[in-house]
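The values are calculated or read from the model by the stated rules, or taken from the named source; none is laboratory data. Values in this document were obtained by computation on a predicted structure and should not be read as measured data. FYI the Cβ positions are ideal-geometry reconstructions off the backbone, even for glycines, and counts take in every protein chain you see.
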Amino acid sequence: MTKPVIVVTGADLAPEAVALLGDYEIVFAGKTPETADLVALARKHDPVAIIVRYGRVTAEVMDAAPALKVISKHGTGTDTIDKAAATERGIEVTAAAGANAAAVAEHALALMLACAKSVVQLDARMHAGHWDKATHKSVELNGRTVGLVGLGAIGRRFARMCDAIGMRVIGFDPFATDLPDYVEVVPLETIWETSDVISLQCPLTADNKEMVNAGTLARCKPGVMIVNTARGGLIDEAALLDAVRSGRVSAAGLDSFAREPMTSPHIFQGQPGFVLSPHIGGVTSAAYVNMGVAAATNTIAVLDRSREGASPTVAALGA
């Protein structure tokens, strides 16, 4: 008997995850699958599940797979999945909540430190033969205020790191509960007005798209630093460029962009004050295994329930 198919929108999956899916045939869509590629694979294989690494899973993809029961995110952000369309079709959506929290939080810390300590600029100057000890002063983060937008698994872990280096931690997340006592919950307005560093660790939704924009940046303290390890769509990129050029924002450490892969030339390329990385905050050897295993486990759980006749639900989990 032919095994039911699971499509992975990527070129690989951790061996530990593949081992869990032994009852299914796994079809890989390649490194950068477009919607048309996924539609074609769905029509050819009629998968019971899609594990999402790259690309977007749209209503068109879902309609090409009548047997589809679950769309499982290999990570935490489900903004690349049309969740409303999934709900309409009785398809469950899951995410590997917390699987990459340590990796992303560490990367947020690295970007914040790179901005505060001018790591990239000083490295370039040293390689060019300069010794700027007499003229350069970096920012001391001890005693400064970091404002976190998003207090899920990643945000909480990053908050703990910031507290450990002596920062005051304030945060906004309308869904967070049972927070540690070193996190002061504040309104979003306070994040803009009070923070020396603003770090984004929240999902992208229709309500918070381009929440960092000309208006909110104008309310920030002069010299604020912006860190984004969440989704590029949270930032109006043109407004951020203007704010960095004017000095309103002293530095921006960015791991995600409005369009990915980041188009080249891009307005941030070659600009002083920007530390950029290619959305690899959650890409570590450990996180790769954790996310794969979580995605596989979530997939199997839904498919097992489906076989038992349980009613499907949509469970899109946050970061």
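Details
- Qualifying residue in the range 239-252 (condition: outside the structural domain of Gly75 (by TED's automatic domain parsing), surrounded by fewer than 16 Cβ atoms within 10 Å (Cβ to Cβ), of a type in the set (Val, Ile, Thr) and over 18 Å from Gly147 (Cα atoms)): no
- Complete set of residues in the range 70-102 that are closer than 18 Å to Thr205 by Cβ, charged (D, E, K, R) and assigned to a strand (DSSP E or B): Lys73
Quick grid of which residues meet (1) surrounded by fewer than 17 Cβ atoms within 10 Å (Cβ to Cβ); (2) at pLDDT 95 or above; (3) farther than 19 Å from Ser277 by Cβ:
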{"residue": "Ser72", "(1), (2), (3)": "no, yes, yes"}
{"residue": "Gly77", "(1), (2), (3)": "no, no, no"}
{"residue": "His107", "(1), (2), (3)": "no, yes, no"}
{"residue": "Ala116", "(1), (2), (3)": "no, yes, no"}
{"residue": "Arg125", "(1), (2), (3)": "yes, yes, yes"}
{"residue": "Arg144", "(1), (2), (3)": "no, yes, yes"}
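- Members of the range 260-311 that are touching a Gly at 6+ places or on another chain (Cβ under 7 Å) and either within 18 Å of Val120 (Cβ to Cβ) or surrounded by fewer than 18 Cβ atoms within 10 Å (Cβ to Cβ) (or both): Glu260, Val275
- Per-region count, the range 137-161, residues in contact (Cβ under 8 Å) with a residue 40 or more places away in the chain, of a type outside the set (A, V, I, L, M) and in contact with a Ser or Thr (Cβ under 9 Å, 6 or more places away or on another chain): 7
- Only one of Glu184, Glu140 that is out of contact with any helix residue (DSSP H, G or I) (no Cβ under 6 Å at 6 or more places or on another chain), within 19 Å of Cys115 (Cβ to Cβ) and acidic (Asp, Glu): Glu140
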